[in-house]
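The values are calculated or read from the model by the stated rules, or taken from the named source; none is laboratory data. Quick caveat: nothing in here was measured; it's all calculated off a predicted structure. Cβ: placed from backbone, ideal geometry, glycine included. Neighbour counts: every protein chain shown.
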Amino acid sequence: MTALPDTAPILFSDADRLDLAQATMLRRVGRALEDLRALPTVELLVDRAPAALCQVGFDRTMISRVVESDWMVERFHSAVDPVGAAEITAIARSENQRLGPNVIELEMVRRRVPLLVTDVSREPRVDPRLAAATGSRSYVAAPIAPEGDVVGFFHADRISSIPVTAFDREIVALFAQEFGTLVAAASLRERFEQLRTTVDNLRSSLGGMITGCLDGPIGLVSEKPLARTDAMPGLAPMSGQLLIGAPEIDRLLSEREREVLRLMALGETNGRIASRLVITEGTVKSHVRHILRKLNAANRAEAVCRWLQRPGASV
């Protein structure tokens with residue numbers, strides 16, 4: 001059986017009207033979020049959030065992602081049984097759940113509301129794999145929606161004799177709402193850092209181009225003007241040479257080379273590119289050499305600059 005909210009959401013300002021136990025739990029939410037606020041990246045937030053939610057007053061918690069219609073568990077946490085939690089995480093990750101009408105979590109996506117499943121054994125829409133692995137009798141869950149769209153869920157339960165309640169559901173909903181704000185802020189910081197790295201790369205490339213144009217001997221012969229891009233379709237002047245123009249890049253590079261170049265534009269090192277694409281660093285270096293040769297670019301920065309000049313370019 002499942003219960004949806006029928007009262008107004010809990011707010012931090014409600015502490016004065018709550019009983020002592022509820023007010024204490026609400027204050028724990030604030031402290032847990034304050035600890036998370038110091039984390040600089042989305043990855044760290046996702047990694048630490050389940051433990052933080054446990055500190056609020058739950059025995060076990062889980063964080064998961066929603067990508068289109070797929071529900072993917074990231075981490076199941078239990079302070080009392082970390083080994084069991086790791087096993088449950090592995091089971092949950094072995095197969096993604098499709099969010100269809102037979103899955104209770106779809107209600108959180110459709111309605112943007114938290115859930116209280118009061119009796120797992122009597123709710124046929126509960127994921128049977130997770131139900132069997134966790135042995136949960138009841139649980140609460142809430143959507144994570146940083147900008148209105150649901151991108152994940154929090155789940156929480158207790159293995160003690162104390163069942164979860166409607167108040168627990170609202171506590172998890174408040175935690176998830178504030179956590180979404182932290183994720184949005186961290187994501188924005190990461191994007192600004194990517195932009196800063198890209199701008200630094202472009203600045204370095206521009207400096208090289210200016211130096212190349214101004215250096216060299218001065219004689220009694222006029223400098224030959226570079227051909228204009230519009231006069232020679234498909235070619236763009238850079239560093240004193242006629243180089244491959246932006247529209248040609250996608251045609252010249254292989255799919256893997258485009259992936260490598262996109263990560264170069266994000267400021268990734270060869271080592272990080274190798275890790276993200278699950279290839280060796282030597283293979284990355286080989287791809288970079290091919291990219292520079294095909295684009296007739298003097299260095300990585302020039303190649304990135306050309307990549308960012310593509311029509312409708314995005315990193």
For Glu268, state whether it is assigned to a helix (DSSP H, G or I), among the acidic types (Asp, Glu) and crowded, with 16+ Cβ neighbours inside 10 Å.
no
Condition first: out of contact with any helix residue (DSSP H, G or I) (no Cβ under 6 Å at 6 or more places or on another chain), surrounded by fewer than 15 Cβ atoms within 10 Å (Cβ to Cβ) and at pLDDT 90 or above. Can you find one or more residues in segment 59-69 that meet it?
no
For segment 8-26, enumerate the residues that are surrounded by 14 or more Cβ atoms within 10 Å (Cβ to Cβ), at pLDDT 75 or above and either assigned to a helix (DSSP H, G or I) or among the charged types (D, E, K, R) (or both).
Gln22, Ala23, Met25, Leu26
Please work out which one of (1) of a type in the set (Ser, Thr, Tyr); (2) modelled with pLDDT of 90 or more; (3) more than 26 Å from the chain's Cα centre (by Cα) is the condition Ser160 fails and give its number.
(2)
For segment 12-70, what are the residues that are of a type in the set (Gly, Ala, Ser) and on the phi < 0 side of the Ramachandran plot?
Ser13, Ala15, Ala21, Ala23, Gly30, Ala32, Ala38, Ala49, Ala51, Ala52, Ser64, Ser69
Restrict the check to segment 150-170 and report whether at least one residue is in the same structural domain as Ala51 (by TED's automatic domain parsing), hydroxyl-bearing (Ser, Thr, Tyr) and not in a loop (DSSP other than H, G, I, E, B).
no
Identify, by number, the condition in (1) under 30 Å from Leu263 (Cα atoms); (2) in the same structural domain as Ser64 (by TED's automatic domain parsing); (3) assigned to a helix (DSSP H, G or I); (4) in contact with a helix residue (DSSP H, G or I) (Cβ under 6 Å, 6 or more places away or on another chain) that Ala133 doesn't meet.
(1)
So Thr118 ticks every box in (1) among the hydroxyl-bearing types (Ser, Thr, Tyr); (2) modelled with pLDDT of 90 or more; (3) touching a helix residue (DSSP H, G or I) at 6+ places or on another chain (Cβ under 7 Å) but one. Which box is left unticked?
(3)
Sort out which residues of segment 56-103 are assigned to a loop (DSSP other than H, G, I, E, B) and within 23 Å of Leu174 (Cβ to Cβ), and write them in order of number.
Phe58, Asp59, Ala79
When you check Thr134 against the structure, is it in contact (Cβ under 8 Å) with a residue 12 or more places away in the chain and farther than 24 Å from Ala86 by Cβ, yes or no?
no
Which one of the conditions (1) part of a strand (DSSP E or B); (2) under 19 Å from the mean Cα position of the chain (by Cα) does Val140 fail to meet, given that it meets all the rest?
(2)
For segment 82-125, name all the residues that are surrounded by fewer than 14 Cβ atoms within 10 Å (Cβ to Cβ) and touching a residue at least 40 places away in the same chain (Cβ under 8 Å).
Glu87, Arg111, Asp119, Arg122
Determine if segment 117-128 includes at least one residue that is within 27 Å of Ala186 (Cα to Cα) and assigned by TED's automatic domain parsing to the domain that holds Ala52.
no
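Which members of segment 27-43 meet the condition of being free of Cβ contacts under 8 Å to residues at least 40 places away in the same chain and either buried (at least 17 other Cβ atoms within 10 Å of the Cβ) or closer than 18 Å to Glu74 by Cβ (or both)? Please lay out each step first, then the result.
The first filter runs over segment 27-43 and keeps only residues free of Cβ contacts under 8 Å to residues at least 40 places away in the same chain, leaving 27-28, 30-31, 34-35, 38, 43.
Correct list: Arg28, Glu43.
Might you let me know whether segment 83-102 holds any residue that is closer than 23 Å to Met25 by Cβ and in contact with a helix residue (DSSP H, G or I) (Cβ under 8 Å, 6 or more places away or on another chain)? Quick ask: steps written out before the conclusion?
Taking segment 83-102 and keeping what is closer than 23 Å to Met25 by Cβ, we get 85.
Still in the running and in contact with a helix residue (DSSP H, G or I) (Cβ under 8 Å, 6 or more places away or on another chain): none.
No, every residue in segment 83-102 fails to be closer than 23 Å to Met25 by Cβ and in contact with a helix residue (DSSP H, G or I) (Cβ under 8 Å, 6 or more places away or on another chain).
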